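Undergrad: Take this structure, written in structure tokens, and hold onto it; I'll ask about it next.
The values are calculated or read from the model by the stated rules, or taken from the named source; none is laboratory data. Owing to the predicted nature of the structure, the values given are computational and were not obtained by experimental measurement. Every residue, glycine as well, gets a Cβ built from its backbone with ideal geometry; the counts of neighbours run over all protein chains shown. When the accessible area is computed, the model is the full protein with side chains, heavy atoms only, and any ligands, DNA or RNA have been set aside. Shrake-Rupley method; radii C 1.70, N 1.55, O 1.52, S 1.80 Å.
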Amino acid sequence: MKIAVLASGSGTNLQALIDQLHHDENSGVEIAVVISDRRKAYALTRAEEVGIPTRVVRVRDFPDRDAFDTGISEILDGYGVELIVLAGFMKLFQPAFVRKYRNRIINIHPSLLPAFQGAHAVPDTLAYGVKVSGVSVFFVDEGMDTGPIIAQASVPVFDDDNEKSLLKRIHIEEHKLYPQVVRWYAEGKIEIVDRKVLVKGS
Ligand code: GAR
């Protein structure tokens, strides 16, 4: 199964997908292209280092957000991508893009959704004072972090945590959970019933 990984930043989740799936011949998963909206995203370097094609698509190079989405869509279709994996991609897609790829876009978020949606989940988690947080992997719908949840993992939040220490704990779970979910998808184990996601055999 050909996937695209979209990333705006460091790309540690991309690295986990490269190590655990792209480099595992038995996974049936190939990262066909890595797309970023930022030229300097370290995710691009990670992909280039292992010979995965990369593309940069910047909002400022298009007249509007629908045209930006179309620019990404043309690349995805050109590579025959079957699953779009957002990994720290900090741009929202317009409804037409979501409709075109319904149930074929997944995202990862550093909280137990629906708690702490949005771009500042980790500081929001610390500010609220919850004792447990975690990671969610979900199908992207027209809202922000509102789509059907595929899998979650929890982590404790300690009194002396700061953003760095909590994010470190969250990343450990992200790097296990995201490759696992992509593997399930490639194996055809994921079924969506209304907004409930069922994973066969789990
Ligand atoms: C990840 O922690 C992911 O959960 C978060 O961005 C980080 C990207 O890290 N995503 C969001 O906050 C989405 N709202 P990475 O570039 O090292 O994979």
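Undergrad: Please identify, among 133, 154, 36, the residue showing maximal mean-square fluctuation in a Gaussian network model of the chain using a 10 angstrom Cα cutoff.
TA: Between 133, 154, 36, it is 154 that shows the largest mean-square fluctuation.
Undergrad: Okay, next question. Using only helices, what value at 222 nm comes out for the chain when you add -39,500 (n - 2.57) per DSSP H run of length 4 or more and divide by the total residues, to the nearest 500 deg cm²/dmol?
TA: Working: 6 runs with 66 residues, N = 202.
Value at 222 nm, helices only, nearest 500: -10000 deg cm²/dmol.
Undergrad: What is the helix-to-structure angle for 163-186, meaning the angle in degrees between its Cα long axis and the longest Cα principal axis of the chain, kept from 0 to 90 and rounded to the nearest 10?
TA: Relative to the chain, helix 163-186 is tipped by roughly 50 degrees.
Undergrad: Moving on to the next point. Of all alpha-carbon pairs in segment 130-202, indicate the percentage at a distance above 15 angstrom. Walk me through the numbers on the way to the answer.
TA: Details: 1577 of 2628 pairs.
Value for segment 130-202: 60 percent of Cα pairs lie more than 15 Å apart.
Undergrad: Leaving ligands, DNA and RNA out of it, work out the accessible area of residue 173 with a 1.4 Å probe and give it in Å² to the nearest 10.
TA: Roughly 40 Å² of residue 173 is accessible to a 1.4 Å probe.
Undergrad: Based on Cβ point charges of +1 for Lys and Arg and -1 for Asp and Glu, what charge dipole magnitude is obtained for the chain about its Cα centre, in debye rounded to the nearest 20?
TA: Working: 24 positive and 27 negative charges, 25 e Å.
Around 120 debye, computed over the chain.
Undergrad: Kindly list the residues of segment 34-48 that lie in the label zone of residue 12, defined by a backbone N under 18 Å from the point 7 Å along the Cα-to-C-beta vector.
TA: Output list for this probe position: 41-47.
Undergrad: Quick query: amide H of residue 151 versus all other amide H atoms, modeled in the peptide plane; which residues come in under 5 Å with a sequence gap of 5 or more or a different chain?
TA: Those lying under 5 Å, H to H, from residue 151 are 137.
Undergrad: Would you mind counting up the charge near residue 179? Only other residues with Cβ under 15 Å from its Cβ, with Lys and Arg at +1 and Asp and Glu at -1.
TA: Details: positive: 46, 176, 183, 189; negative: 19, 24, 25, 30, 173, 174, 187.
The answer is -3.
Undergrad: Here is a follow-up. Across 5 Å bins from 0, what is the distribution of all Cα-Cα pair distances for the chain, in whole percents?
TA: Per 5 Å bin, starting at zero, the Cα-Cα P(r) for the chain comes out as 1, 7, 16, 20, 21, 17, 11, 5, 1, 0 percent.
Undergrad: Another question, if that's okay. What does the charge count around residue 156 come to, taking other residues whose C-beta lies under 14 Å from its C-beta (Lys +1, Arg +1, Asp -1, Glu -1)? Walk me through the numbers before you get to the answer.
TA: Details: positive: 131, 168, 169; negative: 159, 160, 161, 173.
Net charge in that neighbourhood comes out at -1.
Undergrad: Determine the relative contact order of the chain: mean sequence separation of Cα pairs under 8 Å and six or more apart, normalised by residue count, in whole percent. Mind dumping the intermediate values first?
TA: Numbers: 368 pairs, mean separation 38.0, N = 202.
Across the chain, relative contact order equals 19 percent.
Undergrad: For residue 194 and residue 48, FRET efficiency with R0 = 35 Å and r from the beta-carbon atoms, rounded to 0.05?
TA: Values: r = 41 Å, r/R0 = 1.17.
Computed FRET efficiency for residue 48 and residue 194 comes out at 0.30.
Undergrad: Give, in nm to one decimal, the length gained when the segment between residue 100 and residue 158 is fully stretched (0.36 nm per residue of separation minus the Cα-Cα distance). Intermediate values should be presented prior to the final figure.
TA: Numbers: separation 58, 0.36 × 58 = 20.88 nm, distance 4.17 nm.
The residue 100-residue 158 span can extend by a further 16.7 nm.
Undergrad: When the C-alpha atoms of segment 1-92 are aligned to their principal axes, what extent does each axis show, in angstrom, from largest down?
TA: 42, 25, 20
Undergrad: Under 5 Å between amide H atoms, partner at least 5 residues away or on a different chain: which partners does residue 37 have, H built in plane at 1.01 Å?
TA: HN-HN under 5 Å from residue 37: 7, 57.
Undergrad: Moving to a separate point now. For the pairs 176/196; 100/131; 91/131; 2/196; 100/164; 164/200, note any where the Cα-Cα span goes beyond 32 Å.
TA: Too far apart for the 32 Å limit: 100/131; 100/164; 164/200.
Undergrad: Set the Förster distance to 45 Å, then compute FRET efficiency between residue 117 and residue 25 from the Cβ-Cβ distance, nearest 0.05. Spell out each step's value before the answer.
TA: On the way: r = 37 Å, r/R0 = 0.83.
Taking R0 as 45 Å, the efficiency between residue 117 and residue 25 is 0.75.
Undergrad: For helix 65-78, report the angle its Cα long axis makes with the longest principal axis of the Cα atoms of the chain; keep it between 0 and 90° and round to the nearest 10°.
TA: Orientation of helix 65-78: about 70 degrees from the principal axis.
Undergrad: Just to check I understand the Karplus step: with θ = phi - 60° and J = 6.51 cos²θ - 1.76 cosθ + 1.60, what whole-Hz values come out for segment 27-34, glycine and proline as x?
TA: 6, x, 10, 10, 7, 7, 7, 10
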